[in-house]
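The values are calculated or read from the model by the stated rules, or taken from the named source; none is laboratory data. All values derive from a computational prediction rather than experimental measurement. Note that we place each Cβ from the backbone using ideal geometry, even for glycine, and neighbour counts take in every protein chain shown.
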Protein chains: 2
Amino acid sequence: MEKSKGSKSQEEVVYERLFDVIIEQKLQPGVRLTEISLAEIFAVSRTVVRRALLRLSYEGVVDIKPNIGAIVTTTEPKDVPQYFEARRIAEGALIRRVAGKLTTYQEETMRAMVREENRYFLSGNRARGLRKSIDFHFYLADIANNKPLAEMGKKMIARTSLIVAQYNLSGSGGCACVDHSALVDVMVSGPADRAENMMHEHLQHIEDNLYFGKQSLETDLYRILEIDKP
Amino acid sequence: MEKSKGSKSQEEVVYERLFDVIIEQKLQPGVRLTEISLAEIFAVSRTVVRRALLRLSYEGVVDIKPNIGAIVTTTEPKDVPQYFEARRIAEGALIRRVAGKLTTYQEETMRAMVREENRYFLSGNRARGLRKSIDFHFYLADIANNKPLAEMGKKMIARTSLIVAQYNLSGSGGCACVDHSALVDVMVSGPADRAENMMHEHLQHIEDNLYFGKQSLETDLYRILEIDKP
DNA sequence: TTAAAGAATATTGTATACAAAAAAATATTG
DNA sequence: CAATATTTTTTTGTATACAATATTCTTTAA
């Protein structure tokens with residue numbers, strides 16, 4: 001979640017790759033992440049895999065059980081509302097902070113992101129579109145100028161995206177339907193209250209579109225990460 | 001921050017002890033935490049110390065710099081406001097959720113905590129009083145019935161306590177002055193808005209009482225953790 | 001005496017070996 | 001054949017050795 005130096009450490013490479021792959025819904029919730037497999041795949045020792053997994057577990061996208069191991073986090077239906085509420089609170093506070101204070105550069109950046117996101121979705125590249133949609137929310141968190149609040153927001157954005165991955169496999173991926181440009185509009189012009197309300201509605205809409213049926217979960221780590229088996 | 005099984009793992013022991021000691025202001029912000037020293041002190045390998053430190057760094061109470069090591073987190077004065085704002089948002093949302101919904105058991109528990117806290121402060125045991133004061137806020141987070149929100153709240157409670165440790169060495173320790181029983185009262189009776197307001201005022205008061213002067217920081221790990229040197 | 005350069009020391013980063021625990025596979029018994 | 005025991009295999013937990021890096025100390029020159 002945090003950016004750092006020029007040359008990425010091995011741990012960072014593993015962390016970021018896994019984070020991306022999970023967030024882009026290529027690794028479904030529930031998939032087991034064994035240390036040795038990942039160590040082989042990334043050609044590093046278990047030590048660095050372990051660290052990366054630990055970090056992911058603090059971000060909430062991976063769940064580590066002692067003596068058992070790590071899986072991509074799954075969420076029970078009954079727990080879903082509290083994650084969305086937490087996200088509404090965090091992201092509502094974030095948008096309040098930027099509402100009416102957007103620089104032209106920031107506005108242009110966001111509009112470009114929205115365009116790119118829509119392009120991906122229209123061309124059928126759902127994974128990339130989803131990623132861009134998340135990046136839009138991440139960017140909002142970054143420009144709100146409050147580090148801990150941004151961290152909270154990003155954590156809940158990632159967490160709820162994972163929930164969407166679990167309970168909205170089929171249809172409209174995440175935010176696709178509700179256009180993000182309306183959010184940009186209100187950030188430029190609107191007062192804080194209206195911006196917060198619109199964000200709340202946006203998130204409520206995503207939550208309302210979840211489907212709590214049965215899902216099929218299974219995958220091959222090597223294939224997903226696009227690496228040949230030894 | 002998270003509670004777990006019956007028999008604590010080694011990592012958990014190290015983590016909890018360090019967390020307590022830092023939160024009770026026995027380890028001042030800026031103090032270096034070298035892995036070998038801690039490994040000796042706790043009679044475990046560097047591996048488990050490393051994991052504990054990593055976890056503490058995610059909680060924000062320890063700061064790890066690559067190739068340099070871990071110190072108790074320090075906060076620059078200019079960054080202080082954003083941590084308090086984040087805490088107000090998180091804890092404001094938490095108290096909203098419990099306002100008017102306290103069970104008698106919860107009320108009694110909190111009143112007992114307040115009594116204990118005051119007893120410690122009156123008898124001059126500042127460290128323990130401070131700890132109980134934090135536990136009061138932690139308890140509120142626990143009963144609000146929203147796991148991610150509770151985590152955010154606890155994280156910010158710990159983080160701001162650390163700030164208080166750095167910039168309020170001398171006088172009234174944290175919340176001592178403003179009585180927590182008023183908060184209990186409003187949680188029992190008051191509407192959510194009033195409860196949130198009171199919490200905001202409470203936290204604002206703590207922030208306003210910080211003193212950004214010079215501090216003397218230094219200590220001996222072995223002495224603080226009450227273990228004989230080898 | 002001070003500043004800079006270099007050597008010595010200490011500390012973190014990574015890999016790996018072995019122990020402990022869990023999971024899977026196989027054998028055994030009703 | 002089913003259910004349970006037992007063995008085998010796999011996987012995680014911990015300690016430790018060695019490499020890379022940073023820090024400290026000493027030496028040397030202006």
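So the values come out like this:
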quantity: Enumeration of residues in segment A:67-91 that are without any contact (Cβ under 8 Å) to a residue 12 or more places away in the chain and within 11 Å of chain B (Cβ to nearest Cβ); calculated: A:Asn67, A:Asp79, A:Gln82, A:Glu85, A:Ile89
quantity: Residues (surrounded by fewer than 20 Cβ atoms within 10 Å (Cβ to Cβ) and within 8 Å of DNA strand C (Cβ to nearest atom)) located in segment B:21-49; calculated: B:Arg32, B:Thr34, B:Glu35, B:Ile36, B:Ser37, B:Arg46, B:Thr47
quantity: Criterion violated by B:Lys147 - all others in (1) under 15 Å from A:Met152 (Cβ atoms); (2) within 16 Å of the chain's Cα centre (by Cα) satisfied; calculated: (2)
quantity: Search result, residues across segment B:13-33 that are within 13 Å of DNA strand D (Cβ to nearest atom) and without any contact (Cβ under 8 Å) to a residue 40 or more places away in the chain; calculated: B:Val13, B:Val14, B:Arg32
quantity: Test: residue in segment B:168-181 that is surrounded by 16 or more Cβ atoms within 10 Å (Cβ to Cβ), out of contact with any Cys (no Cβ under 7 Å at 6 or more places or on another chain) and either modelled with pLDDT of 95 or more or more than 17 Å from B:Met113 (Cβ to Cβ) (or both); calculated: yes
quantity: Hey, B:Ala192 of a type in the set (A, V, I, L, M), within 14 Å of chain A (Cβ to nearest Cβ) and more than 20 Å from B:Asp79 (Cα to Cα) or not; calculated: yes
quantity: Pair list, Cβ under 7 Å, 6 or more apart: segment B:105-123 residue assigned by TED's automatic domain parsing to the domain that holds B:Leu183 and assigned to a helix (DSSP H, G or I), other residue at pLDDT below 90 and of a type outside the set (Lys, Arg); calculated: B:Glu117/B:Gly129; B:Tyr120/B:Gly129; B:Phe121/B:Gly129; B:Phe121/B:Ala176
quantity: Residue within segment A:120-132 that is within 19 Å of A:Met198 (Cβ to Cβ) and out of contact with any Cys (no Cβ under 6 Å at 6 or more places or on another chain) present; calculated: no
quantity: Hits in segment A:58-73 - residues which are touching an Asp or Glu at 6+ places or on another chain (Cβ under 8 Å) and surrounded by 17 or more Cβ atoms within 10 Å (Cβ to Cβ); calculated: A:Ala70, A:Ile71, A:Val72, A:Thr73
quantity: Residue ID - nearest to A:Glu151 (Cα to Cα), chosen from residues in segment A:63-91 that are of a type outside the set (Gly, Ala, Ser) and within 11 Å of DNA strand D (Cβ to nearest atom); calculated: A:Ile64
quantity: Condition check for B:Lys155: free of Cβ contacts under 8 Å to residues at least 24 places away in the same chain and assigned by TED's automatic domain parsing to the domain that holds B:Glu201; calculated: no
quantity: Residue in segment A:50-60 that is assigned to a loop (DSSP other than H, G, I, E, B) and either closer than 16 Å to A:Ser161 by Cβ or more than 14 Å from chain B (Cβ to nearest Cβ) (or both) present; calculated: yes
quantity: Yes/no for A:Ile95 being within 14 Å of another protein chain (Cβ to nearest Cβ) and either at pLDDT below 95 or more than 16 Å from DNA strand C (Cβ to nearest atom) (or both); calculated: yes
quantity: Hits in segment A:34-49 (condition: within 14 Å of chain B (Cβ to nearest Cβ) and more than 7 Å from DNA strand D (Cβ to nearest atom)); calculated: A:Ser45, A:Val48, A:Val49
quantity: Residue under evaluation A:Ala112, criteria (1) within 14 Å of another protein chain (Cβ to nearest Cβ); (2) under 22 Å from A:Ile23 (Cα atoms), criterion not met; calculated: (1)
